[in-house]
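Beneath this line is the structure, given in structure tokens, with notes to follow.
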Amino acid sequence: MIKLHDKYFKPFLREEQILAAVKSIAQKVAADYKDEVPVFVGVLNGCFMFVADFLKEYPYACEVSFIKLSSYQGLTSTGIVETLLDIPDNLEGKSVIILEDIIDSGRTLKELIHLFNNTNVKEYKVASLFYKSEVYNGEYAIDYVGIDIPDKFIVGYGLDYDELGRNLREVYQLNQKHMINLVLFGKPGAGKGTQAAFLKEQYNLKHISTGDVFRYNIKNSTELGNLAKSYMDKGDLVPDEVTIKMLQDEVEKHSDASGFIFDGFPRTVAQAKALDEFLRTKDMKIDATLALDANDEVLIQRLLERGKVSGRTDDQDESKIRNRFEEYNQKTAPLQAYYESQGKFHSVNGIGEIEDITRRLAKVIEEL
Ligand code: AMP
């Protein structure tokens, strides 16, 4: 996968496949025009690699020229075709083969046909390396076609996404895979970490636990760890600005993930708002908040048990646990209303066998 500007693209056509298609077009054109000197007119900018490789494969005498039109802006065709570099004026009586990198809707082709109809060339033909038969309007015959491709945005081998990607030897396709971003919600001990470990495998997601990131930083005595330690030791929440920044850094580090499970974040309405805002800048969003329901007494027993094995000091002292619940009730519980108002809050019974709870969560995810 590669990233250009804000978008991800996955490999689509290998260099050998492209070169084989170029060669095949050159051979067909050569068979038709070997007895004359045709003029190949490349349609800039996207055609430059195609024209260069085409000419290397063309074995007979020929001329070459370029024309420049523009119709794409970003990912979608604007429908406006401008002539930026006009047809050469010495084409009289010559056979012209227009070399296009790609034909999709046919809008640019229409403009080309219009331009060449007004010239006194002997004849003109159209060759396109890539061709989207699904969306082509079929108005004019395309004389030579390289590869018929699905209607997905592509880059590479001369084609760009906002000017990037033209230098790639292969062709890449926009990765439109739907991301799933989940918030796991619930009191300490509700089983968020346990369930996240299953869900991340099942749905190929990146699991971010802010508690784990803080503990990692404490263990490595980083500045962030030293700062967080005093709050965590008491069972208080670490201040929002510190936590939000840390969370954003974690997401940035895994920008190629196919989705995230946020575990232990957000824990305040300010964090939830910051998360929504941050995801929006990445063209991402939270798809669902999954709440694991369990009553306090069950959770306290679970946490004290966990404390014996994990060594987590905040799990070993009942008063610290009760303080974490207090923090939850005051600061985190209001998030339920926040996500309910967005229609994203799903509550699941968090008591029972681990795999049963995973199944309950998976059912919600699959219905999203
Ligand atoms: P956890 O492992 O999720 O139970 O988190 C352990 C501790 O890390 C919490 O009691 C807080 O002190 C701190 N912490 C984890 N996530 C957050 C968060 N989103 N906001 C503030 N503090 C957090």
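Read the figures in this text as sums done on the coordinates, not as results from a lab. None of the values given here were measured: they were computed from a predicted structure. Don't worry about glycine lacking a Cβ; one is built from the backbone with ideal geometry, like all the others, and counts go over all protein chains shown.
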| field | Zero-based 10 Å bins, Cα pair distances in the chain, whole percents | value | 5, 20, 22, 13, 11, 12, 10, 5, 2, 0
| request: Using just the alpha carbons, could you tell me how many Å³ per residue the convex hull of the stretch 265-368 encloses? | output: 126
| Rounded tilt (10° steps) of 296-310 against the dominant C-alpha axis of the chain | 80
| query | Exactly which trypsin sites (Lys or Arg not before Pro) in the stretch 31-73 are in a DSSP loop and have at most 16 other Cβ atoms within 10 Å? | reply | K34
| query | Against the longest alpha carbon principal axis of the chain, how many degrees, from 0 to 90 and to the nearest 10, is the axis of helix 192-203 turned? | reply | 20
| remark: The long-range amide H neighbours of I103, using H built 1.01 Å from N in the peptide plane and a cut-off of under 5 Å, are F130, Y131, K132
| request: Among DSSP beta bridges lying fully in the chain, give the percent that are antiparallel, nearest 5. | output: 30
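Below 15 angstrom from the Cβ of A274, what's the summed charge of the other residues (Lys, Arg +1; Asp, Glu -1)?
Values: positive: K245, R267, K273, R280, K282, K285, K331; negative: D240, E241, D249, E250, E252, D276, E277.
Neighbourhood net charge equals 0.
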| field | Kirkwood estimate for the stretch 147-254, i.e. one over the average of 1/r between Cα atoms, Å | value | 17.5
| So which lysines can K192 reach, going by Cα to Cα under 16 Å and dropping same-chain residues fewer than 8 places off? | K200, K206
| request: Calculate for the chain the 222 nm mean residue ellipticity that helices alone would give, adding -39,500 (n - 2.57) per DSSP H run of length 4 or more and normalising by residue count, nearest 500 deg cm²/dmol. | output: -12500 deg cm²/dmol
| query | Could you give the alpha-carbon Rg of the stretch 20-73 over 2.2 N^0.38 Å, rounded to two decimals? | reply | 1.18
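With viscosity set to 1.306 mPa s at 10 °C, what whole-number translational diffusion coefficient in µm²/s follows for the stretch 214-296 from Stokes-Einstein and a Kirkwood radius over Cα pairs? Before the final figure, lay out the partial values.
Values: Rh = 14.2 Å.
Using the Kirkwood radius from Cα pairs, D works out to 112 µm²/s.
Excluding E139 itself, calculate the net charge of residues whose Cβ lies under 11 Å from the Cβ of E139, where each Lys or Arg counts +1 and each Asp or Glu counts -1. Before the final figure, lay out the partial values.
Values: positive: R107, K110; negative: none.
With Lys, Arg at +1 and Asp, Glu at -1, the net is +2.
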